[in-house]
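Only the coordinates and a few stated rules stand behind these numbers; no lab work does. A quick note: this is a predicted structure, and the numbers were derived from the prediction, not measured. Backbone-built Cβ (ideal geometry, glycine too); neighbour counts: all protein chains shown.
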Amino acid sequence: MIRIIGKIPPTVTVACSGGLDSMTVVNFLLQGRRKVNLAYFNHDTQHSHRAQQFVEKFAEDKKLNLFIGRAQGRKGKRSLEEFWRDERYDFLQRIGGDYTVTCHHLDDCVETWLMSSFHGQCKLIPFRRNKNIFRPFLMTSKKAIKEYAERKGVSWIEDPSNQKTNFMRNHIRHNVMPQVLVVNPGIRNMIR
């Protein structure tokens, strides 16, 4: 079941990658008769160009406004993941809008908690970032998102880099989480 935190206003901008999570959130919000704008951030990878075309076609078919941003800064000493995250949030902040949704969910919270705990910080993903970026789906599990997408026939594009464990989050997701669930099958309830 899709669970939300707080009230989502009638007009909303969704950070839409074209992946399962964001396409499910867009579908869910459209079913709720909200005016949805899309914000796509191109990471300048081969997949990003294909995903941008997918999101552009979806926006055109559904007659939705679409904002497109692109990674342009310099990575510097940041990891590639940090660079992309910083650039994406800068873009979301620049396009404005009173209520921009990122599609983070409960499993993202658990992964973030694990990653930060391993570095002695124990952080959770906050509901709100800055004045206009919200994460209302933090109580919804990845399983619930996938079940909703299958039930409603939601289309999405899969990013092949999600399977590459050289990215820390993917390593946590694919290698560490299965072991954590053996030790504590209720970890999602603990983080929730």
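Brief remarks follow.
- Restricting the stretch 56-92 to trypsin sites (Lys or Arg not before Pro) in coil, as DSSP defines it, with at most 11 other Cβ within 10 Å: Lys63, Arg74, Lys77
- Whole-Hz Karplus values for the stretch 62-67 come out as 8, 6, 10, 5, 10, 9 Hz, taken residue by residue from phi with 6.51 cos²θ - 1.76 cosθ + 1.60 and θ = phi - 60°; glycine and proline positions read x.
- Computed over Cα pairs, the Kirkwood radius of the chain leads via Stokes-Einstein (0.890 mPa s, 25 °C) to a diffusion coefficient of 141 µm² per second.
- Low-density loop cleavage sites - GluC sites (Glu not before Pro) in the stretch 2-92, where at most 13 other Cβ are within 10 Å (DSSP): none
- Relative counts (whole %) of C-alpha pair distances in the stretch 39-79, using bins that are 5 Å wide: 6, 21, 26, 20, 12, 7, 5, 2, 0
- Less than 5 angstrom separates the built amide H of Phe41 from those of Cys16, Gly69, all sequence-distant by 5 or more or on a different chain.
- Chain lengthening between Arg74 and His174 when straightened (0.36 nm per residue, less Cα-Cα): 33.1 nm
- Net charge of the neighbourhood of Thr13, taken over other residues with C-beta under 11 Å away and scored Lys/Arg +1, Asp/Glu -1, is +1.
- Each residue, Val183 and Phe127, gets one label point 7 Å from its Cα in the Cβ direction; the gap between the two is 3.0 nm.
- Rounded to the nearest 20, the size of the Cβ-charge dipole of the stretch 116-192 about its Cα centre is 360 debye, with Lys and Arg at +1 and Asp and Glu at -1.
- For the stretch 113-192: rounded, prolate or oblate by the Cα gyration tensor [a/c cutoff 1.5]: rounded
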